[in-house]
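Novice: My questions all concern the structure below.
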Amino acid sequence: FAAVMRIAVRWLFAGTAMPIQGVDGHLYPGARIESEYDDRCRPNMSFFHSPRHDQPIVTLRTKFADVVHLTKLGSRQLDAFDLMAYARDILIGAERIHNYGGVRFPMVDLDVRPDVGYLLGLWTRTRDEQRSELVQAVQQCKLQMNHLGAVATDAFAAAATLECVMVPKPDMEIDDDFLFVLERPGLQQPVFVAVVRPDSWKDPGELNLG
């Protein structure tokens, strides 16, 4: 059997391509999105602090209902099993902050194949109730992101009153390993979570955002 999930999101307001300097001192392709308001006086991004996480979190609105959360990961080492739970937990009880006027982040071209060997040997049933053993499993996760939007693909085979006033504030800058979380309203779990490290901070080129 095979399953492919592909979600493309376009930022509510497009950003600007510009280089970003990582904590390692190297320059990487990057983007900046400025905090703006739509015609209903709602911001295109919000910033939060979580009691479970020591880095600020930015939540970016998209053209549709999906939202993307970005935050620096710091020194935490999370395996695949911890990642989804951690992403969900840090968003619970996060409090709104007003410290930033935009966000800068690296462009991303991530393509990884997680080890899913632990699934081998499991037994399941086909649609007609015939037992079958999983003898081969391959998973591929891809994330591409730039100043216009993001595309997340996961292939498996075998979440205050505001005023429209703009006060200059510094950007929240993501210059180290960071967490990417894509949420869809109505679902209890994020639909895509990834840790993005500097080896994937690359210009993905033109994105097919639909």
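Novice: On the accessible surface of the stretch 1-95, probed at 1.4 Å, how many percent belong to carbon and sulfur atoms?
Specialist: That share works out to 54 percent.
Novice: Something else now. Under a point spin-label approximation (7 Å from Cα along Cα-to-Cβ), what is the R52-L187 distance to one decimal in nm?
Specialist: 1.8 nm
Novice: Shifting gears a bit: Can you order the peptides 176-188, 34-46 by their average number of other Cβ atoms within 10 Å per residue, highest first?
Specialist: 176-188, 34-46
Novice: Probe radius 1.4 Å, ligands and nucleic acids left out: which of L209, L143 has the largest accessible area, and how do the rest follow?
Specialist: Listed by decreasing accessible area, they come as L209, L143.
Novice: Given H placed on each backbone N at 1.01 Å, which residues far from S35 in sequence or on other chains put an amide H within less than 5 Å of it?
Specialist: It is G102, V103, by chain and number.
The values are calculated or read from the model by the stated rules, or taken from the named source; none is laboratory data. Because the structure is predicted, anything quoted here is derived from the model rather than measured. Cβ: placed from backbone, ideal geometry, glycine included. Neighbour counts: every protein chain shown. Keep in mind that these areas ignore ligands, DNA and RNA; they rest on the heavy atoms of the full protein, side chains included. Shrake-Rupley method; radii C 1.70, N 1.55, O 1.52, S 1.80 Å.
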